[in-house]
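Take a look at the structure below.
Where a number appears in this text, it was derived from the coordinates with a stated rule and is not lab data. Note that the coordinates shown come from a computational prediction; the quantities given were computed from them, not determined experimentally. Cβ: placed from backbone, ideal geometry, glycine included. Neighbour counts: every protein chain shown.
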Amino acid sequence: MTMTAHIHPDEIRTLFSQAMSDMYRKEVPQYGTLMELVRDVNHATLQADPALKSRLRAAGELDRLDVERHGAIRLGTAQELKAIRRMFAVMGMYPVSYYDLSVAGIPVHSTAFRPVEQASLQRNPFRVFTSLLRLDLVENRALAEKAEHILNKRQIVTDGAFKLIEIAEKQGGLTQQQANDFVREALETFRWHRDATVDTETYTQLVEAHRLIADVVSFKGPHINHLTPRTLDIDTVQTQMPQRGIAPKAVIEGPPSRKTDILLRQTSFKALDEEVVFQGVTGSHTARFGEIEQRGIALTPAGRAFYDKAITDTREAAAKSGGENYTSLLKAAFSSLPDDLETLRQQGLAFFSYRAGNRKVANKAANISELIASGALIADPQIYEDFLPVSAAGIFQSNLGAEDQSNFSAASNQDAFEDALGAKVIDEMALYSRIEADSLAIALTQLGQNHL
Ligand code: OOG
Ligand code: NI
């Protein structure tokens with residue numbers, strides 16, 4: 001290796017996600033407690049279920065578990081979103097999917113920056129849910145302009161980070177030393193600032209428009225507002241949170257508890273009330289919280305259509321009955337979805353990644369199912385790497401308070417988001433189906449079963 005050899009973007013992402021985790025643990029000690037709880041529960045789950053453990057190991061999933069987390073940030077302007085896109089690209093993170101939260105009464109639209117290649121996901125799937133404030137939805141136009149003016153004055157990426165981003169773009173990568181410097185500089189963007197950039201009066205006006213607007217506009221930068229470790233058993237973590245002094249939100253977002261995990265289940269603990277100084281006047285602000293997630297298999301468009309309908313039906317039925325029986329309604333709505341991997345696969349409801357097993361095949365097989373049944377071909381579930389808009393809205397709202405559930409009438413606006421981003425978002429379904437098709441082609445070649 002020469003002195004100027006570039007390190008892999010996956011390594012930069014791992015350095016960065018570790019540095020973020022260390023910083024957030026210092027800033028929000030409850031996050032550290034939650035991490036310990038998740039580690040204990042994951043350990044116990046793997047001990048109790050050796051089959052799960054060996055399946056995760058064989059699929060290359062076990063190593064990523066301990067490093068796995070996602071974070072979230074909220075940005076104010078198109079320039080900020082473009083700068084963040086360039087910063088994340090250095091770490092091999094690209095914008096996947098468009099999420100419109102305005103339909104849920106939250107004045108933002110979002111994407112998730114994440115790795116897209118299977119090998120990179122296995123190494124470290126760190127993702128950041130990134131929202132852009134929609135000041136166009138604010139009715140009080142004078143306040144919206146004031147907010148824009150305040151935002152235009154701040155610079156959220158340091159000069160040092162910009163320099164290294166340019167070097168990475170020009171040279172196609174960073175050396176180890178440059179990567180270390182880059183991570184140190186990049187961290188500055190996401191740090192918490194106790195000193196607000198606005199006075200109490202402006203802050204109050206912004207809160208009245210929407211608490212989220214105040215959170216974005218009043219500070220020097222887009223503080224990381226939560227970091228979320230991945231658990232293998234969210235129901236146990238949820239019930240054990242109070243024993244460790246953490247108060248979880250009432251319901252787990254997403255699909256019900258099932259034998260075969262699908263998509264994403266999430267729960268969070270309430271945002272902390274933190275002391276903030278508004279131009280010399282001490283006050284407080286609530287923004288930062290903790291969250292845990294349990295990830296299951298990614299669903300195909302057909303599976304996803306089932307999911308979306310089941311969630312909508314459950315919410316409508318629960319609203320009619322006052323919300324008391326949400327959990328049982330949710331279970332009932334999912335009862336007709338197959339609860340084993342092979343049926344989900346055969347019905348084309350979920351995405352898989354294929355690999356050749358140890359067993360040899362002498363003859364030409366008639367179909368894929370036959371190869372799987374004989375043990376020649378193994379179908380591993382593809383983990384869902386993205387987010388769910390209804391769940392995200394629930395996470396936002398649990399940390400904003402009920403008074404902020406206003407309705408915005410604007411239509412979703414992916415074009416405006418992509419203009420601000422300076423790029424198109426990647427279609428998540430295309431990523432899962434490409435991984436499925438590529439892995440199947442490779443496995444069939446290895447097995448001499450290319451005719452299938
Ligand atoms: C993001 C909330 C959404 C998730 O996991 O769905 C989210 C935010 O509060 O900024 O993180
Ligand atoms: Ni989250």
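Measuring between alpha carbons in the structure, the pairs from K53/K259; K270/K331; K82/K153; K259/K331 lying more than 20 angstrom apart are K270/K331. For the chain, the Cβ-based charge dipole about the Cα centre amounts to some 980 debye (Lys, Arg positive; Asp, Glu negative; other atoms uncharged). With contacts taken as Cα pairs under 8 Å and at least 6 residues apart, the stretch 280-429 reaches a relative contact order of 26 percent. Neighbours of G448 by Cβ distance under 11 Å: Lys/Arg scored +1, Asp/Glu scored -1, total +2. Computed from label points 7 Å out along Cα-Cβ, the spacing between Q446 and R258 is 2.8 nm. Per-residue extension of 0.36 nm, minus the Cα-Cα distance of A319 and D40, leaves a gain of 96.8 nm for this segment.
Sorting 264-274, 132-142 by average packing, meaning the other beta carbons within 10 Å per residue, from highest down gives 264-274, 132-142.
Computed FRET efficiency, Cβ-Cβ of E370 and L52, R0 22 Å: what is it to the nearest 0.05? Calculated transfer efficiency: 0.30.
Of the two radii for the stretch 299-347, the radius of gyration is 1.06 times the Kirkwood radius, both from the alpha carbons; that is the Rg over Rh value.
One decimal place: the segment E275-N152 gains 41.8 nm when fully extended, by the rule 0.36 nm per residue minus the C-alpha distance. Legend: ranking of residues V276, V67 from fewest to most surrounding C-beta atoms inside 10 Å; resulting order V67, V276. Applying Stokes-Einstein at 20 °C and 1.002 mPa s to the Kirkwood radius of the chain, computed over alpha-carbon pairs, gives a translational diffusion coefficient of 92 µm² s⁻¹. How would you classify the stretch 310-452 from its alpha-carbon gyration tensor, with a ≥ b ≥ c the square roots of the eigenvalues: rounded for a/c under 1.5, else prolate if a/b is greater than b/c, otherwise oblate? Note, shape of the stretch 310-452 comes out oblate.
Toward the positive end of the charge dipole of the chain, with +1 on the Cβ of Lys and Arg and -1 on the Cβ of Asp and Glu, the farthest Cα among L447, P242, Q346 is that of L447. Between A332 and F162, the simple label model (points 7 Å from Cα in the Cβ direction) yields a spacing of 5.8 nm.
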